[in-house]
Amino acid sequence: MNKLPRNIAVLGSTGSIGQSALAVIAASNGRLRAIALSAHNRLEALEAQSHKFHPRWLIASNPDTSKAYDWSTIPDECELVWREGGLERIVREEEVDVVLTAIVGSAGLAATWAAIDAGKQIALANKESLVIAGPLIMDLAKQRRVSIIPVDSEHSAVFQAMASGRQKEVAGIVLTASGGPFRNRLLDELATVTVEEALVHPTWNMGKKITVDSATMMNKALEIIEARWLFDLTPEQIRVVIHPQSIVHSFVEFIDGSVIAQLSPPDMKIPIQYALNYPYRHAGPAERMDWTSRMAFDFEPADWDRFPALALGYEAARRGGTTGAVLSAANEAAVSAFLRRRLRFHEIVPACQSVLLAHTFDANPTLDELFQIDRWAREEIDHWVCTSSR
Ligand code: NAD
Ligand code: MG
């Protein structure tokens, strides 16, 4: 696709990934254009973006808040979309070339699905879509001949490194993880972790949910599942290593023993601009490596006792079916309860595990069944929160 400008629908434009994407678009010298922007809350931020980027469509995806908002000053050329189903409708518009899915959680699945169904190139940040419905999404993408370019830094690294060989020459991949803020905390101190402590990440600046996921390592668990479907690997081909500097974003190991990695500063603008410009590369606004300064990279094995989420990630990658949807929804609800101070930090992963254990497994669920089980898993967590003996 070399049409210019390339029209990007930025779903979740007020979030951490959305804002970085707009910085990439603003610095693209007109090659990239934000044709649609969406937000759920923080409507003032969405309105401010409309004045800067003049999108064709402005999607306020939460009808409750958007109805009450005063939209009278948005630019004339901008159509406001606020009715239910707006995201799914706009991603199908002919003028849209690439859809960046930067909505957080399972709320991103329906629009991701619609965009693939409409044959749009996908820059995929919403990893939860693949965790919930990996096999269905990859099948649909194949049928519609759609490229899904990962934005997750590890998967972007793997995607780029994969270009050094053929699929059948890949022995496995190694996903790097910073280890989050509690890598060196004593295990029994994890019970007293506060919301404020969990929201400080040592290397990345991200939205709240993924920051908590990084602290529990559930983020890496979700990434194992994401990689399993995106790259069609067995769980045994996927390994995790702790790399506290977050410079080496992941490795691909080939059958001849060569290992190829991708390196860059921990700045999401790099994988975002790679995905938005794919298959081309252009200069962008991200910080660059400074090879004149001294640096050292550490790699350590992951501590499975400290981070039991990893085992859940492998389990869901191995079993497939409904397990990814249950794990993703249970985790989303548990993190939300933690952020509302209704659940303690060290209870998030056991709560998810208990919901996984309780669920009725289905090996080949439909999309509708996955949406249903998502709702069920959230209710189970609410129940767990009410009855847990805190
Ligand atoms: P965020 O919380 O900063 O932003 C989320 C965006 O989604 C906001 O624009 C919000 O308005 C929108 N949104 C929230 N709930 C919604 C709903 N119910 N319906 C429609 N829109 C809704 O999140 P983020 O950190 O930017 O993460 C976005 C996605 O990218 C997540 O799936 C995350 O796992 C993935 N990701 C993020 C990073 C990162 O560095 N932040 C890195 C890798 C992957
Ligand atoms: Mg990641």
Cut-off 14 Å between beta-carbons: net charge of the residues surrounding Glu315, Lys and Arg +1, Asp and Glu -1: +3
GNM flexibility winner over the chain from Val349, Val24, Val259 (Cα, springs under 10 Å): Val259
Order of Met1, Met138 - criterion: other Cβ atoms within 10 Å of each residue's Cβ, fewest first: Met1, Met138
Dipole-positive endmost among Thr203, Val170, Ile25 within the chain (Cβ charges, Cα centre): Ile25
25 Å Cα-Cα reach of Lys142 towards lysines, excluding residues that sit fewer than 8 places from it in its own chain: Lys3, Lys120, Lys127, Lys168
Check: region 6-146 dipole with +1 on Lys, Arg Cβ and -1 on Asp, Glu Cβ, in debye: 500
At R0 = 56 Å, FRET efficiency that the Cβ-Cβ distance of Lys168 and Lys67 yields, to 0.05: 0.55
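Longest span of the chain, sites excluded, free of GluC sites (Glu not before Pro) in DSSP loop with at most 10 other C-beta atoms within 10 Å?
Result, exposed sites excluded: 95-390.
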Residue with peak Gaussian network fluctuation, the chain [Cα springs, cutoff 10 Å], from Arg342, Arg281, Arg166: Arg166
Relative contact order of region 225-329, defined on C-alpha pairs under 8 angstrom at six or more residues apart (%): 31
Selected from Gln353, Ile122, Trp376, residue furthest toward positive end of dipole (the chain; charges at beta carbon): Ile122
Residues Cys78, Cys352, sorted so that the one with the fewest Cβ neighbours within 10 Å comes first: Cys78, Cys352
The chain: relative contact order in percent, alpha carbon pairs under 8 Å with at least 6 residues between: 15
Charge dipole magnitude, Cβ of K and R +1, D and E -1 - the chain, Cα centre, debye nearest 20: 560
For region 6-146, the spread of Cα positions along each principal axis, largest first, Å: 43, 36, 26
Taking the convex hull of Cα positions in region 239-390, its mean projected area over all directions (nm²): 13.5
Separation in nanometres of the label points that stand 7 Å from Cα toward Cβ, at Asp76 and Asp256: 6.2
Likely footprinting exposure, Tyr280, Tyr314, fewest C-beta neighbours within 10 Å first: Tyr280, Tyr314
Size of the chain as Cα extents on the principal axes (Å, biggest first): 57, 52, 42
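Values quoted throughout were computed directly from the atomic coordinates according to the rules given, and no laboratory measurement underlies them. Since this is a predicted model, take the numbers as computed values, not measurements. FYI the Cβ positions are ideal-geometry reconstructions off the backbone, even for glycines, and counts take in every protein chain you see.
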